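The values are calculated or read from the model by the stated rules, or taken from the named source; none is laboratory data. Bear in mind the structure is a predicted one, so any value in this text is a computation, not a measurement. Counting neighbours? That spans all protein chains shown, and the Cβs are built from the backbone with ideal geometry, glycine included.
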Amino acid sequence: MATDLRLAYAEIDEELFDVDQIPMTSRDVRSVGEMLVDVDYLARQLLMDIDGDAAGTLLRSWPTMVAAAEDLWASLPGRRPGVDERDRPITSLSAQAATIQNSLSGRTAWPGQGPTSPGIDQMTQTFINAAALVRRYGAEIPHEQPDPHRDLEAARTRIMHGLYLTAHAVNVALHEHGRDRVNDARSAGRRIHLAQHHSPYAIAPTGVWVDRMSACENTARSYLTDRFTQALAGEAMRPVDDPSRLAQALANWDIQTHRALARDLEPSNILLITRSQGLIAGASIVLVDAAATAGVLERSDRLVPALAEAGRSWSNLASRWGDLALPGARLEEPLARAAAEVRAAYRQITHDKTTLASPDAIAGRPGLPQAVPATLRAIEAGSELATVVAEKADNPNLTGPARALSRRAHNDVEAGLATPPHGDVVWVSPSDILAKRSVPLPPPVAETLRAASNATIDSTSSASAVATLHQRNDRPASSDAVLGSRRRAVPEAGRPPITSAHTARR
């Protein structure tokens, strides 16, 4: 009998430590196509968050991103021998970026040496990861067949579009930097000569960088002209081969957010947390609508409005934490990776190539029955997360970029969101703004940050209550969905389950 028990325990131990039975939460399981879509998403976010103080960090990061994109481009199968006309734009862009890199290395004037942009660095790393994935499985892609060929063309278009958006973001930052310098000079009573080309704010020393980044932006745009929509129409969609993917992604996200918030966290990471929670709320509305269409979830007059209000609150809070984030502040890698997987897992269910899928299309996807309870559990947990984030807002030692906090303080007072002062008050010293220092939060900013945190707690608590009620009324999910486990099939004979560059997986 004892021998039988030992054998039983041995079998349990063997299965427990079988790598094929353990959910892999720390590695990137996105396809190449999902990585390229995420580069597009990150570039758009970068463009939304842009300001003049970030111009130097963005410019320093640009050449490295282009080099990573060129390496991925070269790794894609199906290149013709000799000079391929399709390669000319990326080759030209690489040469332009190399010139910028050489100039940056030899300059002591602005922008000089300093930190790089975490947003662009994240896109660069995504390109590097995608290139490694293509090199591993690219030889098995039948690129001469029509569907994989169109998919590869879509991949090239995605790469170039990410570069185009990023180049435009760098250009906007350079113009904003020039505008800030002009405004600072006028405030100090100094005269400054405006530029005669591009825009009046492309003044020295940013004018030369505007010229070079405009050339990069035009090169990328010339490739995309009359090509973008048509090329992406041939993009391959990754099938939902793992219905529990979203549940696993959200479970991992919950773990990583609490691990991160347990430490003294940079505002840039709290910005990522709050922005991702807003995305979860927005995607949950889409899933709930599709689930009601499919009969997976009862329709409710309370759930969607509660989710919408929670999403608005998270987005408003994210905007305020964004003011506190320094241009060169780094993101915690596990947190950023978990957020990227959440975005990919939601998009696999809610989108059809470049557009949001219809409720009927989403209702027919195999991952929906597991995704709905998973997203409702994430909404339910959001109220507790909002409370923890609010505790971070009470930290009296919070600081942020002087210019951004000055603008926020004056805007909040003028909008009536903060207690008005007696008389005119300069919330941030002009010398701190000119030197781009980090300063303590002005009283109006601290007040409205706490108010936004409390509003987020209220809205997420309401959404949590409604989501909990729906989970009780809904039929129970499978044990795999409840546990958030993710069983992965082992490919036959060790072959990777891929058909094209966009469905290749680690």
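Residue 220 meets the stated requirement of being under 22 Å from the mean Cα position of the chain (by Cα) and assigned by TED's automatic domain parsing to the domain that holds residue 86. Would a scan of the range 366-386 turn up a residue that is assigned to a loop (DSSP other than H, G, I, E, B) and more than 27 Å from the chain's Cα centre (by Cα)? Within the range 366-386, not a single residue is assigned to a loop (DSSP other than H, G, I, E, B) and more than 27 Å from the chain's Cα centre (by Cα).
Residue by residue, here is whether (1) in a helix (DSSP H, G or I); (2) assigned by TED's automatic domain parsing to the domain that holds residue 157; (3) at pLDDT below 50; (4) polar (S, T, N, Q) holds:
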{"position": "428", "(1), (2), (3), (4)": "no, no, no, no"}
{"position": "454", "(1), (2), (3), (4)": "yes, no, no, yes"}
{"position": "459", "(1), (2), (3), (4)": "yes, no, no, yes"}
{"position": "499", "(1), (2), (3), (4)": "no, no, yes, yes"}
{"position": "503", "(1), (2), (3), (4)": "no, no, yes, yes"}
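If you go through the range 418-433 and pick out every residue that is surrounded by 12 or more Cβ atoms within 10 Å (Cβ to Cβ) and over 30 Å from the mean Cα position of the chain (by Cα), you end up with 8. Kindly indicate whether any position in the range 431-439 is of a type outside the set (A, V, I, L, M, F, W, C), modelled with pLDDT under 90 and outside the structural domain of residue 55 (by TED's automatic domain parsing). Looking for residues that are of a type outside the set (A, V, I, L, M, F, W, C), modelled with pLDDT under 90 and outside the structural domain of residue 55 (by TED's automatic domain parsing), one finds at least one in the range 431-439, hence yes.
Return yes or no: is residue 349 within 19 Å of the chain's Cα centre (by Cα) and within 27 Å of residue 462 (Cβ to Cβ)? When the stated conditions are applied, residue 349 passes them. Tallying residues that are more than 25 Å from the chain's Cα centre (by Cα), assigned to a loop (DSSP other than H, G, I, E, B) and under 30 Å from residue 177 (Cβ atoms) within the range 396-417 yields 3. Would you be able to say whether some residue in the range 100-117 is assigned by TED's automatic domain parsing to the domain that holds residue 173, modelled with pLDDT of 95 or more and of a type outside the set (Ser, Thr, Tyr)? For the range 100-117, residues assigned by TED's automatic domain parsing to the domain that holds residue 173, modelled with pLDDT of 95 or more and of a type outside the set (Ser, Thr, Tyr): absent. Among the criteria (1) surrounded by fewer than 22 Cβ atoms within 10 Å (Cβ to Cβ); (2) of a type outside the set (Ser, Thr, Tyr); (3) within 22 Å of the chain's Cα centre (by Cα), the one residue 341 does not fulfil is (1). Tell me, which residue of the range 148-199 that is assigned to a loop (DSSP other than H, G, I, E, B) and among the aliphatic types (A, V, I, L, M) is surrounded by the most Cβ atoms within 10 Å (Cβ to Cβ)? It comes out as 195. Could you tell me whether residue 97 is in contact with a Pro (Cβ under 8 Å, 6 or more places away or on another chain), at pLDDT below 90 and among the aliphatic types (A, V, I, L, M)? No: the conditions fail for residue 97. Screening the range 277-298 for residues that are of a type outside the set (A, V, I, L, M) and touching an Asp or Glu at 6+ places or on another chain (Cβ under 9 Å) and picking the one that is surrounded by the fewest Cβ atoms within 10 Å (Cβ to Cβ) gives 298. Looking at 116, 64, 57, 99, just one residue is farther than 26 Å from residue 32 by Cβ, surrounded by fewer than 22 Cβ atoms within 10 Å (Cβ to Cβ) and touching a residue at least 40 places away in the same chain (Cβ under 8 Å), and that residue is 99. For the range 331-343, the criterion of being of a type outside the set (S, T, N, Q) and in contact with a Pro (Cβ under 7 Å, 6 or more places away or on another chain) is met by at least one residue.
Considering the conditions (1) modelled with pLDDT of 90 or more; (2) acidic (Asp, Glu); (3) in contact with a His (Cβ under 9 Å, 6 or more places away or on another chain), residue 51 is excluded by exactly one of them, (1).
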